[in-house]
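These notes are about the structure you will find just below.
The values are calculated or read from the model by the stated rules, or taken from the named source; none is laboratory data. Quantities reported herein were computed from a predicted structural model and do not represent experimental measurements. Methodologically, a virtual Cβ is constructed for each residue, glycine included, from the backbone with ideal geometry; neighbour enumeration extends over all protein chains shown.
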Amino acid sequence: MTAASSLNVDLHCHSAVSDGVLTPADIAARAHANGVQVWALTDHDELLGLSLAGATARALGMRFIPGVEISVTWANQTVHILGLNIDPDNAALRAGLAVVRAGRIKRAKEIATRLDALGMTGSLEGVLPYVSNPELISRTHFARFMVKQGYCKTMQAVFDKYLGDGKPASVRVQWASLEEAVAWVTNAGGRAAIAHPGRYAYSSTQYGALFDQFKQMGGEGIEVITGSHTVAQYSQYAQIARNYGFLASRGSDFHSPGESRIDLGCLPALPSDLKPIWHDWV
Ligand code: AMP
Ligand code: MN
Ligand code: MN
Ligand code: MN
């Protein structure tokens, strides 16, 4: 085992700056308490939490990796691209993410209109207490509101019945293109990785095209060990990493204590033959 692969590394999680519930400082403290040694905050489409998260992480003795999870539309579906070890001050990255965030405000209004029509009224106002960054309204916030109102028992049920892709209150968004997202990340000095590749509804032909195009655009990594994968998918995407020569990432995708299946830092190690995406950062 190399030194890099024996570290407890968690390169995917969310603060209240996007759709997590803890502040950037509190999530840094939780990562540290859970034994994380190398840690990235990767809020959706937003860099606002990075300076506080980084300051807190460093004060606690963790190595901090500035990150972001970018919403992308590829082949009519949403794909999440992680940007890891980015320069948060990069102007093109910041400008690109601002455009992506603008699409969320419009979508939130349309989601609320659909929920109104389904008899679940008042969600546009009702969701606000769950949102701490007005530029970053997520389906997750709507789901929390709907569970609290008693419309569904669980967040999963909200997505299954109403907010999941293709469900009655889901609204299609044109996010960034794959090419834009990879360019923003690489031009900001970072590495792009496909988040939770097992979670998409692509055909095997489409998956192959996604991996080929991503690699050709300069994408370097995929998440192998993530809170969104089953144990079988750990092996499946480890093999994809080998086949395509991708660097491998590991991240909990932690959102909140009550909701996330896997806590910060509480994941199996990467298979030891894979090259960690953090290999030359530590
Ligand atoms: P958005 O980026 O606003 O479209 O919201 C996507 C977010 O919803 C993801 O980042 C997850 O946090 C959450 N999400 C998606 N699917 C589910 C699900 N089935 N159960 C719970 N949360 C989900
Ligand atoms: Mn999320
Ligand atoms: Mn994601
Ligand atoms: Mn995530």
Handout entry: Residues (within 16 Å of ligand 2 (Cβ to nearest atom) and closer than 19 Å to residue 270 by Cβ) located in segment 199-230
Key = 199, 223, 226, 227, 228, 229
Handout entry: Qualifying positions in segment 38-83 - in a loop (DSSP other than H, G, I, E, B) and either charged (D, E, K, R) or out of contact with any strand residue (DSSP E or B) (no Cβ under 8 Å at 6 or more places or on another chain) (or both)
Key = 43, 45, 46, 48, 61, 75, 76
Exercise for the section: Go through the residues of segment 84-96 one by one and say whether even a single one is in contact with a strand residue (DSSP E or B) (Cβ under 7 Å, 6 or more places away or on another chain), under 19 Å from residue 198 (Cα atoms), among the aliphatic types (A, V, I, L, M) and in a strand (DSSP E or B). Expected result: no
Exercise for the section: Keeping to segment 229-262, report how many residues are farther than 22 Å from residue 214 by Cβ and away from ligand 1 (no atom under 16 Å from the Cβ). Expected result: 2
Fill in the blank from the handout: Residue set 138, 170; condition more than 17 Å from the chain's Cα centre (by Cα) and within 16 Å of ligand 3 (Cβ to nearest atom); output residue 170
Fill in the blank from the handout: Residue count, segment 1-44, condition touching a Leu at 6+ places or on another chain (Cβ under 8 Å) and either over 21 Å from residue 80 (Cα atoms) or of a type in the set (Val, Ile, Thr) (or both), comes to 15
Practice task
Filter segment 139-148 for residues that are surrounded by fewer than 18 Cβ atoms within 10 Å (Cβ to Cβ) and in contact with a Gly (Cβ under 9 Å, 6 or more places away or on another chain) and give the result.
Solution key: 148
Handout entry: Tally of residues being within 15 Å of ligand 2 (Cβ to nearest atom) and more than 20 Å from residue 141 (Cβ to Cβ) across segment 13-51
Key = 1
Problem - Tally of residues being among the polar types (S, T, N, Q), without any contact (Cβ under 8 Å) to a residue 60 or more places away in the chain and closer than 19 Å to residue 261 by Cβ across segment 3-57 - result: 1
Exercise for the section: Identify the single condition in (1) within 16 Å of ligand 3 (Cβ to nearest atom); (2) in contact with a Ser or Thr (Cβ under 6 Å, 6 or more places away or on another chain) that residue 194 does not satisfy, given that it satisfies every other one. Expected result: (2)
Handout entry: Which numbered condition residue 35 fails, given (1) part of a helix (DSSP H, G or I); (2) at pLDDT 95 or above
Key = (1)
Exercise for the section: Mind telling me which of the residues 53, 92, 75, 25 ends up being modelled with pLDDT of 95 or more, under 22 Å from residue 164 (Cα atoms), touching a helix residue (DSSP H, G or I) at 6+ places or on another chain (Cβ under 9 Å) and not basic (Lys, Arg)? Expected result: 75
Completion exercise
Selection over segment 112-138 where residues are surrounded by fewer than 22 Cβ atoms within 10 Å (Cβ to Cβ) and either more than 16 Å from ligand 2 (Cβ to nearest atom) or assigned to a helix (DSSP H, G or I) (or both) yields a count of 16
Exercise for the section: Spot the failing condition for residue 105; the list is (1) within 28 Å of residue 26 (Cβ to Cβ); (2) within 16 Å of ligand 1 (Cβ to nearest atom); (3) surrounded by 17 or more Cβ atoms within 10 Å (Cβ to Cβ), and only one is missed. Expected result: (3)
Exercise for the section: Please list, ordered by first then second residue, the pairs with beta carbon atoms under 7 Å, 6 or more apart or interchain, first in segment 75-100 and in contact (Cβ under 8 Å) with a residue 40 or more places away in the chain, second surrounded by fewer than 18 Cβ atoms within 10 Å (Cβ to Cβ) and among the hydroxyl-bearing types (Ser, Thr, Tyr). Expected result: 75/202; 77/202
